[in-house]
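Asker: Handing you a structure now.
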Amino acid sequence: MRNVLMLGGTAWLGFQIAEQLLARGDAVTCLARGESGRAPAGAAFVQCDRRSPDAYGAVANQTWDEVIELSYEPFLVQGALDALADRAKHWTLVSSVSVYATNTDAGADESAPLLEPVDLEDYGQAKVAAEQVSQEALNERLLIIRPGLIAGPGDGSDRFGYWAGRFALAGEGPVLSPIADDRVVQVIDIEDIAIFIAQAGRSGITGVINATGNQHALADVLALCADVAGFTGELVRASDGWLIDHDVRFWAGPRSLPLWVPQADSAFAQRDNSAFHAAGGELRPLRQTVQRTLEAERNLGLDRERRSGLSRSEELELLEQLRRG
């Protein structure tokens, strides 16, 4: 039985990873404040604030077959390394594709240039700093996972879920869309990435791996979401310029059209994922992820206030403005 320490394990991705580890028979300990949720059934839970002086006192006297770190704050990452690096046989740092310096090279792999970690309040730069201190402390015992867009039930960002939910809410009515023929989406199901991380540690895989989905045309993803949702209305498409001029934001956040990026950043979702597949990573059909996501959207309420996307009233107002020209 492997002894695994999750630095986290109570929020979305961490919880899913912990569940996958438990399903494989590992003994799992989750060290976290516990404010974002609970540890999964079967896991030991150590409640602590990782900023406290003795944050790792309860776990630093053990040998760990695996430590999994999810934080992006270099201070927390460094503290865990100082306390636990010598006690871990293998270490997985969950980083992000946000570490890359540019989004203009379609098909770029893990060797692409990274951001300079100057402003550690910036998420991508902070993840670069976390990678650097982890590599210095762990060398050949370290696996760095760089996820792209993650989707599925429990996604608090509302990015991927917006489209399936909106098509279901609109029904026979119109839906506003970007002109998306030349844009690409890469999305990985939350269960697929959790399965991969759990198995990669068990297999002793090290190095750097982009954990991203396969590439899909955004237009095809929207069509799939509409089909799964049973949408029979009109998809009304607007240009990048029109959307930007009318204060529609891109990618995520309030008053946005999620997953859309302007042409200048169109390589954003075109990261090479061959290392993920070579290391045993598997991706379920995208339709399954859309179906799982739509079920979660219906349970939450299709007309709820969202972290990402347009409200239905905002969308209808924009559609009227587009109609008037």
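Asker: May I ask you to say which residue of Arg306, Arg287 is closer than 23 Å to Gly148 by Cβ, surrounded by 17 or more Cβ atoms within 10 Å (Cβ to Cβ) and out of contact with any Cys (no Cβ under 7 Å at 6 or more places or on another chain)?
Answerer: After applying the criteria, what remains is Arg306.
Asker: Answer with yes or no whether Leu13 is aliphatic (A, V, I, L, M), within 16 Å of Ile197 (Cα to Cα) and without any contact (Cβ under 8 Å) to a residue 40 or more places away in the chain.
Answerer: No.
Asker: Any chance the range 229-251 includes a residue that's of a type in the set (Lys, Arg) and over 16 Å from Asp181 (Cα atoms)?
Answerer: Yes, because at least one residue in the range 229-251 is of a type in the set (Lys, Arg) and over 16 Å from Asp181 (Cα atoms).
Asker: Can you spot a residue in the range 122-135 that is of a type outside the set (Lys, Arg), in contact (Cβ under 8 Å) with a residue 40 or more places away in the chain and in contact with a His (Cβ under 9 Å, 6 or more places away or on another chain)?
Answerer: no
Asker: Any idea how many residues of the range 270-325 are polar (S, T, N, Q) and closer than 30 Å to Tyr100 by Cα?
Answerer: 7
Conditions tested, residue by residue: (1) among the aromatic types (Phe, Trp, Tyr); (2) in the same structural domain as Ser308 (by TED's automatic domain parsing); (3) out of contact with any strand residue (DSSP E or B) (no Cβ under 9 Å at 6 or more places or on another chain); (4) over 23 Å from Ser71 (Cα atoms).
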residue: Val128; (1), (2), (3), (4): no, no, no, no
residue: Gln135; (1), (2), (3), (4): no, no, no, no
residue: Trp163; (1), (2), (3), (4): yes, yes, no, yes
residue: Gly173; (1), (2), (3), (4): no, yes, yes, yes
residue: Ala194; (1), (2), (3), (4): no, no, yes, no
residue: Ile197; (1), (2), (3), (4): no, no, no, no
residue: Arg202; (1), (2), (3), (4): no, no, no, no
residue: Thr206; (1), (2), (3), (4): no, no, no, no
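Asker: Mind listing whichever residues of the range 291-316 are in a loop (DSSP other than H, G, I, E, B) and under 18 Å from Glu234 (Cα atoms)?
Answerer: The answer is Leu310, Ser311.
Asker: Among the listed residues Gly253, Gly204, identify the single one that is closer than 29 Å to Ile144 by Cβ, more than 20 Å from the chain's Cα centre (by Cα) and surrounded by fewer than 16 Cβ atoms within 10 Å (Cβ to Cβ).
Answerer: Gly204
Asker: Within the range 220-228, identify whether any single residue is modelled with pLDDT of 95 or more, of a type in the set (Gly, Ala, Ser) and not in a strand (DSSP E or B), and answer yes or no.
Answerer: yes
Asker: So, restricting to strands (runs of 3 or more DSSP E) that lie completely within the range 24-92, which ones have at least 3 residues that are in the same structural domain as Lys127 (by TED's automatic domain parsing) and touching a residue at least 60 places away in the same chain (Cβ under 8 Å)?
Answerer: Correct list: 66-69.
The values are calculated or read from the model by the stated rules, or taken from the named source; none is laboratory data. A quick note: this is a predicted structure, and the numbers were derived from the prediction, not measured. Note that we place each Cβ from the backbone using ideal geometry, even for glycine, and neighbour counts take in every protein chain shown.
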